[in-house]
Amino acid sequence: MSSKHPLLAEILQGESKTLEFKATLPKGDQLAKTLIAFANTSGGKLVVGVDDDRQLVGLLNADIFDLQDKIASIVHELCSPNLLPEIYIENVTGTELLVVEVSRGALLPYYLKPKGREQGTFIRLGATNRQASPDYIQELERQRLNISFDEQINYNQPLATLDLSPLHARFNQVGKVLNEDKLLNLRLIQREQGQDFPTHGLLILLGQYEHVETKCSRFKGNTMVVFLDKKEYRDDLFYQLEQTELFIKNHLHLKAEILGLQRTETYEIPIPAIREALVNAVLHRDYTNFGRDIKVGIYDDMLNIVSPGGLPNGLTQADLQQGRSEIRNRVLARVFKELGYIEQWGSGIGRIKAMCREAGNAEPKIQERGDFVDWEFYRSTISNTEPVAGSEDMSEKMSEKMSEKMSEKMSEKIVRFIQANPNITIDELSKLAEVSTRTIERNLKSLQAQNRIKRIGPAKGGYWEVTA
């Protein structure tokens, strides 16, 4: 069977987020559920005249005009707000098919009238229609109002109780100041009746919610049966990104190349590509679902990054390939753009693939799997000589060694952090520098012996001063 016809090519790929087919017209409520799910998600087509084996059976002598009138009546009676589907005939290799096409709606959420909005709202998940949860219905309402979850205020968390020093330190690192005006402009706080409140975005950035974490695992072989190493990272998002990158580096091979007279070592997967994918996962994950987190799995054959929440705001796989960008978390996106983590909107996926191709790697794959977005980076076929983190202490030493190797000297880092925040604690320095508190204490003593810093006041309640 030739697949030159565009609709036939879609049918041969099977049902999906935006395509469903039936041999005969479904019953009224089933038809309405499908159209509602399309309208609430990414739009889509219901094709009548195709069986479960993707064979074209046609309309079986049904009256076409009768079918069109019946569909219009079902939509009018059962769908709210009103849907306006396109209903047309498509001739595919001599077989007539009836297509009911619905665009993503602007009056979200759409629902079955007899069931009401709370029970009758459906969404498209993969190739199935699912009843939307109350949280998802709220998300659809936010999309209709063009508001993101992270822009909304959390009235339960007083702003005065939050430690903003991790954010101040990050802004200072790029030569910027995070003052009250900047907090308001970035929607990290919002003002109501003269009082400032934190938004969900600020609390997410600071890692205040339990589900804002990244779980990393190194598995034996290519399955999830046996763990070789496992870490869970909480605290602010920047710390999580840095620790996750270090974890990944600890479990990837280094390959050596001779360029001219120089011997250079590079990781088997380009680290900038991994870093971009991790930022993508953090920025675009669904934070409204408090029961899920980001998971990173390293296997013998690949690196897998899984982010909860499907593609945002009606985006499809085809849209991704064309560079279309939809921002689910606007506060996080503004902050990451301000700090230089994002270069251009919509360019990340293409850049990730290009970096891997240029390094001679297989092109990584990004897929929407149900209600998750899944990155797969394929590892090179190097003999398995990587070190395995056999204990917490060993993993910590490996992280410290890698951190010092990849960045400026630890002492310079510490001086810079102290300049940004003289009241910074040893624990905070440990998190920012990605090393143990023992390493921080050792470097502080060395810096004091060199008269580069001095302690003013007691250990508790005092502060640091940079003297040279």
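Structural remarks
- Area accessible to solvent at THR316, 1.4 Å probe radius, in Å²: 30
- The range 1-104 shape via C-alpha gyration tensor axes, a/c threshold 1.5: oblate
- Helix-only [θ]222 nm of the chain, DSSP H runs n ≥ 4, -39500 (n - 2.57) each, per residue, nearest 500: -11000 deg cm²/dmol
- Under 18 Å from LYS353, Cα to Cα: lysines that are on another chain or at least 8 residues apart: LYS365
- The chain: angle of helix 437-449 to the longest principal axis, Cα-based, in degrees nearest 10: 40
- Largest accessible area first, the listed residues ASP69, ASP300 line up as ASP69, ASP300 when surface is computed with a 1.4 Å probe on the assembled protein chains.
- Annotation note: GluC sites (Glu not before Pro) in the range 180-212 located in DSSP loop regions with a Cβ neighbour count of at most 11 within 10 Å are GLU210.
- Just so you know, the Rg over Rh for the chain is 1.05, from Cα atoms, with Rh as the Kirkwood radius.
- Degrees between helix 237-250 axis and first principal axis of the chain (Cα, 0 to 90, nearest 10): 80
- Among the listed pairs LYS17/LYS113; LYS176/LYS295; LYS231/LYS255, those beyond 28 Å (Cα-Cα): LYS176/LYS295
- Within the range 280-383, none of the trypsin sites (Lys or Arg not before Pro) combine a DSSP coil assignment with at most 11 other C-beta atoms in a 10 angstrom radius.
- Over the range 205-356, relative contact order from alpha-carbon pairs under 8 Å, at least 6 apart, %: 24
- Per residue accessible area in Å² of the range 111-199, where ligands, DNA and RNA are left out and the probe is 1.4 Å: 55
- Axis angle, to the nearest 10 degrees, between helix 410-420 and the longest C-alpha principal axis of the chain: 80 degrees.
- Relative contact order (%) - criterion: Cα under 8 Å, at least six apart; region: the chain: 11
- Averaging the sequence gap over all C-alpha pairs within less than 8 Å and six or more residues apart, then dividing by the number of residues, gives the range 37-101 a relative contact order of 39 percent.
- Among the chymotrypsin sites (Phe, Trp or Tyr not before Pro) in the range 89-164, those placed in a DSSP loop whose Cβ has at most 10 other Cβ atoms within 10 Å are TYR155.
- Averaging 1/r across all pairs of distinct Cα atoms in the range 100-192 and inverting the result yields a Kirkwood radius of 16.7 Å.
- DSSP bridge orientation in the chain - percent antiparallel, rounded to nearest 5: 85
- One equal scatterer on each Cα of the range 297-367, no solvent, Debye formula: the resulting log10 I(q)/I(0) at q = 0.23, 0.29 Å⁻¹ is -1.27, -1.34.
- VAL226/TYR378 FRET efficiency (R0 25 Å; Cβ-Cβ; nearest 0.05): 0.75
- Within straight-line cross-link reach of LYS182, lysines at Cα separation under 18 Å, skipping those fewer than 8 residues along the same chain: LYS337
- Take the Cα radius of gyration of the range 218-344 and divide it by 2.2 N^0.38 Å, N being the number of residues; the result is 1.20.
The values are calculated or read from the model by the stated rules, or taken from the named source; none is laboratory data. Quick caveat: nothing in here was measured; it's all calculated off a predicted structure. Using ideal geometry, Cβ is built from the backbone for each residue, glycine included, and neighbour counts are taken over all protein chains shown. Ligands, DNA and RNA are excluded from the accessible area calculation, which covers all protein heavy atoms including side chains. Shrake-Rupley method; radii C 1.70, N 1.55, O 1.52, S 1.80 Å.
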